[in-house]
1. Could you tell me how many cubic angstrom of Cα convex hull volume region 131-184 has per residue?
2. Of the GluC sites (Glu not before Pro) in region 125-184, which ones lie in a loop per DSSP and count no more than 13 other C-beta atoms within 10 Å?
3. Are there any trypsin sites (Lys or Arg not before Pro) in region 82-121 that are in a DSSP loop and have at most 14 other Cβ atoms within 10 Å? List them by number.
4. Past 31 Å, Cα to Cα, is the threshold; run Lys52/Lys93; Lys52/Lys144; Lys20/Lys101; Lys20/Lys144 against it and keep the listed order.
5. Relative to the longest principal Cα axis of the chain, at what angle does helix 145-158 sit, 0 to 90 degrees, rounded to 10?
6. Go ahead and set up a Gaussian network model of the chain, Cα springs under 10 Å, then flag whichever of Arg130, Arg71, Arg142 fluctuates most.
7. Under a crude label model (7 Å from the Cα following the beta-carbon direction), how far is Val139 from Arg56 in nanometres?
8. Could you tell me whether region 23-139 comes out rounded, prolate or oblate from its Cα gyration tensor? Rule is a ≥ b ≥ c as square roots of the eigenvalues, rounded for a/c under 1.5, then prolate if a/b exceeds b/c, otherwise oblate.
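Where a number appears in this text, it was derived from the coordinates with a stated rule and is not lab data. Since this is a predicted model, take the numbers as computed values, not measurements. Counting neighbours? That spans all protein chains shown, and the Cβs are built from the backbone with ideal geometry, glycine included.
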Amino acid sequence: MITMNDIIREGHPTLTMVAKEVPIPPSEEDREVLSSLLEYVINSQDPETAAKYGLRPGIGLAAPQINVSKRMLAVNVTDNQGKLYSYALFNPKIISHSIEKAYLTSGEGCLSVDRNVPGFVPRYARVTVRGWDVDGNEVKLRLKGLPAIVFQHEIDHLNGIMFYDHINPSNPFEPIPDAIAIER
Ligand SMILES: CNC(=O)c1cccc(C)c1Nc1nc(N2CCN(c3ccccc3Cl)CC2)nc(N2CSC[C@H]2C(=O)NC)n1
Ligand code: NI
């Protein structure tokens with residue numbers, strides 16, 4: 001199982017690399033890595049398991065964060081209508097998105113960033129993501145709200161982008177025009 005010792009932190013070169021596509025159908029090794037990402041996110045949200053293994057809670061994790069520079073991510077998040085989005089995908093890609101933006105009013109955190117970086121992170125309000133699941137089946141997701149934010153944060157990791165790269169350096173809390181404010 002993945003623990004915090006496996007998660008690399010900012011300053012590690014892998015976090016700023018563009019990760020490689022995973023051959024589909026996936027190898028047994030790639031399937032195990034993808035499953036371990038989802039296992040971590042789920043474990044980290046269970047208070048007992050998180051306390052037992054010292055896991056920092058997260059709702060998303062990308063393979064580069066465990067020093068595997070391959071295009072894989074896992075998300076386990078409930079939206080504000082109580083719908084659970086639990087996905088582990090190979091080669092996820094945003095194939096369309098809204099013009100409208102959205103952001104978390106509390107800012108974003110990252111398991112690879114051991115500090116608080118305040119500021120609004122502008123994201124697309126709605127995205128359509130296509131990827132492949134652990135069995136090699138194509139998956140297409142239409143996302144909005146917090147799930148859309150998390151997928152964009154994790155897909156950024158596959159392109160070597162950190163959430164704070166999107167924060168306005170001169171005014172981190174500058175209002176984002178016409179954007180949806182997501183309170184959590
Ligand atoms: C600087 N302010 C903040 O961090 C911040 C501050 C307040 C609110 C939010 C909403 C913030 N923002 C933020 N909070 C989260 N969590 C909220 C708590 N939660 C959690 C905690 C405990 C048990 C179970 C769970 Cl579920 C885990 C996830 N996660 C992310 N991100 C950004 S997208 C990837 C995702 C991620 O998994 N990061 C590790 N951002
Ligand atoms: Ni992150």
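1. About 112 Å³ per residue, rounded to a whole number.
2. Loop-located and lightly packed - Glu183.
3. Lys83, Arg115
4. In this structure, Lys52/Lys93; Lys52/Lys144 lie more than 31 Å apart at Cα.
5. 60
6. Arg142
7. 2.4
8. Here region 23-139 falls in the oblate category.
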